[in-house]
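Structure, as structure tokens:
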Amino acid sequence: MAIAGLGKDNLVKIKVNQDFSMEIKDLESQIVRDIENGLHPLMVIAAIGTTGSTAIDPLEAIGKLAQKYNLWLHVDAALAGTALLLPEMRWIAKGLEYADSYVFNPHKWMFTNFDASVYFVKDKEALISTFSESPEYLKTKEDQVVTNYRDWGVPLGRRFRALKLWFVIRSFGTKELQERVQLHLELAQQLKEWIENSGNFVLMAPVHLNTVCFRYRETGKTQEELNSLNEQILEKINATGMAYLTHTKLNGWVTLRVVVGQTNVTHKHVEKVWNLINQCLP
């Protein structure tokens, strides 16, 4: 919103369901409200795997609304896009055909050095008509026969990010990439099972991918006290230097996050982290 010059006041946030996915009824009501107020809704941004809770937005329903009201649909699959390597995970992208643009980041879960984002767009002319600049010193005889990516975004120059992604794909091959992603999903489910059976913790979001959101619980404590305890647990774990957990807040609760995505992670690593978490309880 800042780069486009539209301003944060024109950003409309949409309510979410219990699983933190976008609420379709609220999306349409907000669109209709803006139209009735003489405003022109421009774009819907949906997510496959939100950063905080890894929520999966209902792309098909969102896409149909975007078509109905002539909105650009951008889909952010920053981390989760790598899961689409697995046929059995492609349900998370049902409705992606409605998207006008789509992005995912191989540097987050596809073993590629930072930074590498992959961007797909249906209508390249929308980018070219927005970003293209043609002073005399940039004009060449080859302009009409090559794809010049300086016209597709803000910077004129860019690094050759595709090369390192090519090396990763060539080095691992499709089969091994799939096997590693599958292992990460299985390890996340194992951690989920340990949490559910522990009695000390509660899951805070569905575990569809390789990120597990949970918190410590203890009867007789207020939300504020439990939030403080979870912050202390997080700091204690990270201070050991043996693992690094991140956190978020879901419905006001401080939530711990474990991401299983390192290139060479194994069951023993996740088990060590689980043991460490339990050693750091109050």
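Every number in this text was worked out from the coordinates using simple rules, so none of it is lab data. These numbers were taken from a predicted model, which means no experiment stands behind them. So basically every Cβ, Gly included, is an ideal-geometry build from the backbone, and we count neighbours across all protein chains shown.
Report the Cα-based extents of the stretch 1-157 along its three principal axes, largest first, to the nearest Å.
Principal-axis extents of the stretch 1-157 (Cα, largest first): 55, 45, 25 Å.
Residue farthest toward the positive end of the dipole of the stretch 218-272, with Cβ of Lys/Arg at +1 and Asp/Glu at -1: which of Leu245, Leu234, Val270?
It is Val270, whose Cα lies furthest towards the positive end.
For every helix of n ≥ 4 consecutive DSSP H residues, a contribution of -39,500 (n - 2.57) applies; sum these over the chain, divide by its total residues, and give [θ] at 222 nm rounded to the nearest 500 deg cm²/dmol. Kindly include the intermediate steps, with their values, before the conclusion.
Details: 7 runs with 101 residues, N = 282.
About -11500 deg cm²/dmol.
Using Cα springs under 10 Å in a Gaussian network model of the chain, which residue among Trp91, Trp253, Trp109 shows the largest mean-square fluctuation?
For the chain, modelled as a Gaussian network with Cα springs under 10 Å, the answer is Trp91.
Exposure proxy check: Phe111, Phe131 ranked by fewest other beta carbons within 10 Å? Intermediate results must be reported in sequence, preceding the final value.
Values: Phe111 21, Phe131 15.
Going from sparsest to densest Cβ surroundings: Phe131, Phe111.
Compute the orientation-averaged projected area for the chain from the convex hull of its Cα atoms and round it to one decimal in nm².
Values: hull surface 75.6 nm².
That works out to 18.9 nm².
Quick one: order Ile35, Ile24, Ile237 by neighbouring beta-carbon count within 10 Å, fewest to most. Intermediate results must be reported in sequence, preceding the final value.
Details: Ile35 12, Ile24 17, Ile237 20.
Final ranking by Cβ density, sparse to dense: Ile35, Ile24, Ile237.
Work out how much length Val32 to Lys139 would gain on full extension: take 0.36 nm times their residue separation and subtract the Cα-Cα distance, in nm to one decimal. Walk me through the numbers on the way to the answer.
Values: separation 107, 0.36 × 107 = 38.52 nm, distance 4.43 nm.
Computed gain between Val32 and Lys139 is 34.1 nm.
Mind listing the phi-derived Karplus ³J(HN,Hα) values for the stretch 199-213, rounded to whole Hz, using 6.51, -1.76 and 1.60 with θ = phi - 60°, and x for any glycine or proline?
Calculated HN-Hα couplings, in order: x, 8, 10, 9, 5, 10, 7, x, 9, 8, 10, 9, 10, 10, 9 Hz.
In nm, to one decimal, how far is the modelled label at Asn278 from the one at Val103, with both set 7 Å along Cα→Cβ?
About 4.1 nm, to one decimal.
Determine the dipole magnitude for the chain: charges of +1 sit on the beta-carbon of Lys and Arg, -1 on that of Asp and Glu, nothing else is charged, the reference point is the Cα centre, and the result goes in debye to the nearest 20.
Details: 31 positive and 32 negative charges, 127 e Å.
Result for the chain is approximately 620 debye, rounded to the nearest 20.
As I understand it, the dipole of the stretch 39-142 uses +1 on the Cβ of Lys and Arg and -1 on the Cβ of Asp and Glu, about the Cα centre. Which of Thr140, Val75, Gly63 lies farthest toward its positive end?
Highest projection toward the positive end goes to Gly63.
Give a residue-ordered list of calculated ³J(HN,Hα) values for the stretch 91-97 (Karplus: 6.51 cos²θ - 1.76 cosθ + 1.60, θ = phi - 60°; whole Hz; x for Gly, Pro).
Each residue's phi maps through the Karplus curve to give 4, 5, 10, 4, x, 4, 4 Hz.
Based on the Cβ-Cβ distance from Val154 to Met242, what FRET efficiency comes out when R0 is 30 Å, to the nearest 0.05? Could the numbers behind the result be given before it?
Values: r = 40 Å, r/R0 = 1.35.
It comes out at approximately 0.15.
I need the P(r) histogram for the stretch 174-279: all alpha carbon pairs, bin width 5 Å from 0 out to the longest distance, whole percents.
The percentages, shortest bin first, are 2, 12, 23, 24, 20, 10, 5, 2, 1, 0, 0.
To the nearest 0.05, how large is the calculated FRET efficiency for Lys64 and Met1 if R₀ is 35 Å and r is the Cβ-Cβ distance? Walk me through the numbers before you get to the answer.
Details: r = 24 Å, r/R0 = 0.70.
Once rounded, the FRET efficiency stands at 0.90.
How charged is the neighbourhood of Val75? Take every other residue with its Cβ under 13 Å from the Cβ of Val75, and add Lys/Arg as +1 and Asp/Glu as -1. Write down the numbers at each step before the final one.
Details: positive: Lys94, Lys122; negative: Asp57, Glu60, Asp76, Glu97, Asp100.
My count for the surroundings of Val75 gives -3.
Just to be sure I understand the model, the point goes 7 Å from the Cα along the line to the Cβ. What's the resulting Asp123 to Ser228 distance in nm?
Result: 5.5 nm between the two label points.
What ³J(HN,Hα) values, in whole Hz, does the Karplus curve 6.51 cos²θ - 1.76 cosθ + 1.60 give for the stretch 137-144 when θ = phi - 60°, with x put for Gly and Pro?
Taking θ as phi minus 60°, the curve returns 6, 9, 7, 9, 5, 8, 3, 8 Hz for the stretch 137-144.
Figure the gain on full extension for Val12 and Phe172 (residue separation times 0.36 nm, minus the Cα-Cα span) and round it to one decimal in nm.
Extra length available between Val12 and Phe172 comes to 53.4 nm.
Could you give the dipole magnitude of the stretch 174-279 about its Cα centre, charging the beta-carbon of Lys and Arg +1 and that of Asp and Glu -1, in debye to the nearest 20? The partial results should precede the final answer.
Details: 11 positive and 11 negative charges, 23 e Å.
Roughly 120 debye for the stretch 174-279.
Please work out how much length the chain gains when fully extended from Met43 to Ser198, using 0.36 nm per residue of separation minus the C-alpha to C-alpha distance, in nm with one decimal.
On the way: separation 155, 0.36 × 155 = 55.80 nm, distance 4.32 nm.
Separation in residues times 0.36 nm, less the Cα-Cα distance, equals 51.5 nm.
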